[in-house]
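Below: one structure, written as structure tokens.
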Amino acid sequence: MKKVNCLKCKKQHTCCDFGAWVDLGEAKKILSLGLKGVFYQLEKDSDFPSGYKIGTSYEDNRCSFLTPAGLCAIHKVDYALKPAHCKEFPYENKKLSPFAEMLCAVVKSKRKTKKKSGK
């Protein structure tokens, strides 16, 4: 598996265009920071440590924690509290996420290069 270097991305906020699912425990810690941002759609999900997940965006909107400059407000204050899903993207379970091709500008550009070269 080839690593994606997010630092080379010129559009680092595009991966946040549809928000992320966050463990309820993580969300509570993030809320304690007092940042501008809202969580939506609490759902039961056994794949999350607390048994619940909650979204950082409403439907298909951008993450509510993105600043006007396209930066992560959580990351700016305390990287340790940045949701695990966000830290891991464009990977999920040590594999390239199925959403990477749509949301990750670096993956998109690699796909275009491969198609042009015929690989």
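The values are calculated or read from the model by the stated rules, or taken from the named source; none is laboratory data. Note that the structure is a prediction, hence the values are computed from the model and not measured. For neighbour counting, all protein chains shown are included, and Cβ atoms are generated from backbone atoms with ideal geometry for every residue, glycine included.
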Practice item. Please work out if Lys76 is more than 25 Å from Cys9 (Cα to Cα) and at pLDDT 85 or above. Key: no
Review point. So which residues in region 33-47 are closer than 26 Å to Leu71 by Cβ, exposed (fewer than 12 other Cβ atoms within 10 Å of the Cβ) and either among the small types (Gly, Ala, Ser) or in contact (Cβ under 8 Å) with a residue 60 or more places away in the chain (or both), if there are any at all?
Key: Gly34
Review point. In region 79-108, which residues are under 18 Å from Lys10 (Cα atoms) and of a type in the set (Lys, Arg)?
Key: Lys87, Lys108
Check your understanding: Can you tell which of Cys72, Cys63 is surrounded by 13 or more Cβ atoms within 10 Å (Cβ to Cβ), out of contact with any Ser or Thr (no Cβ under 7 Å at 6 or more places or on another chain) and either of a type in the set (Asp, Glu) or in contact (Cβ under 8 Å) with a residue 12 or more places away in the chain (or both)?
Key -> Cys72
Check your understanding: What is the number of the single condition among (1) surrounded by 13 or more Cβ atoms within 10 Å (Cβ to Cβ); (2) polar (S, T, N, Q); (3) free of Cβ contacts under 8 Å to residues at least 12 places away in the same chain that Asn93 does not meet?
Key -> (1)
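Going by the structure shown, is Ser50 surrounded by 13 or more Cβ atoms within 10 Å (Cβ to Cβ), of a type in the set (Ser, Thr, Tyr) and at pLDDT below 90? Before you say what the answer is, go through the steps one by one.
Values: surrounded by 13 or more Cβ atoms within 10 Å (Cβ to Cβ): yes; of a type in the set (Ser, Thr, Tyr): yes; at pLDDT below 90: no.
Here the answer is no, as Ser50 does not meet what is asked.
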Point to revise | Counted residues, region 3-50 - those being closer than 22 Å to Ser97 by Cα and in contact with a helix residue (DSSP H, G or I) (Cβ under 8 Å, 6 or more places away or on another chain) | key: 20
**Study point:** Boolean, Thr14 is at negative phi, surrounded by 14 or more Cβ atoms within 10 Å (Cβ to Cβ) and modelled with pLDDT under 80
**Key:** yes
